[in-house]
Structures are given as structure tokens and as C-alpha cells.
Amino acid sequence: MAPSHGPVDRQSEAAAVTLVRWFGDEAIRTYALLGESDKDSDLKRLTDWVGRQPNGVTVRDLVRGPTPWRGDADRAEADLMRLVEGGRVTRCTMPPGPSGGRPTERFVLNANPRDTCDGDTTSKSSSVLEVSSLSQRTRKPHEEHN
């Protein structure tokens, strides 16, 4: 079937404009990734990792977590603070549990609607209530620790 060379209707024109804008946005995103420094890449990876942790993270969690921070508490804390300064995460001070102890500093992704630094991570998208305590969290079998 030979392509038609007739007039272009408004719907086709609008679709073409949408497609061209999408390709333009993808080009900008791709070039930004190519120009991204290793530090920027690590902070993006850290942001993603923090977001996957339902109760946020502590410096200790991070030191035991992804490779770039494993065993390096100073770097872990410094990078978490960079995320706080950049507005990506919130630093929460959790009071000691009922049996005492020290307050805990947790870092929670700002876009995580399940965590408001109050210790209640009730799932808003499920008909089953799941409440986890920050001081004694019970991991469900289907949850994965990253």
C-alpha cells in the first residue's frame, strides 16, 4: 500500500507535536544522564534506595546497605545530609522506645506518603492495615531488604 500524500488533519498534527515533544524531552534526559557525575549518580541511587525502605533509613542501615556506603559511616551520613539539604529526604528524630534507649535519627523520602515520621506506616492503598513500629519492625515474608 502506497503512503497517502493528502492534507494532514488536526488530529495527526497534534499527535506529531506530542511525539516530537516526547523525543525532545527524552533527548534532554539522556544528555543529562551522560553529563551526570559519579556523585550525582550515587545520590540518585541513594534516593531510590531510601524510597524503597518503608520506614526510612538510619546511617547504620545505609552502612550495611548498598555498596558505595558499606562500612563508611562518615560518607553515609554526609550523603544523607546532602539529600536533606536538597529537599529529597526529611531527617526525623524518633524518641526512645518503651524500654528506653537513645533517640533514633531516621531519614525518610519526602515523596513517601506512607511515612510521616510518626512511626505509623499504615498502608493507604490496601484494605488490610499494616502498622509497623520503628522500634520493633516485623518483616513480612514477601518483603525484600535492599
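Structure above, values below:
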{"item": "For region 5-74, with +1 on Lys and Arg beta carbons and -1 on Asp and Glu, the positive-most of HIS5, TRP22, VAL57 along the dipole", "result": "VAL57"}
{"item": "Relative packing of 57-69, 82-94, 15-27, which averages over residues the other C-beta atoms within 10 Å, highest first", "result": "57-69, 82-94, 15-27"}
{"item": "Relative contact order of region 38-109, defined on C-alpha pairs under 8 angstrom at six or more residues apart (%)", "result": "33"}
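Only the coordinates and a few stated rules stand behind these numbers; no lab work does. In this text, all values refer to a predicted model and were calculated from it rather than measured experimentally. Heads up, the Cβs are rebuilt from the backbone with ideal geometry, glycines too, and the neighbour counts pull from every protein chain shown.
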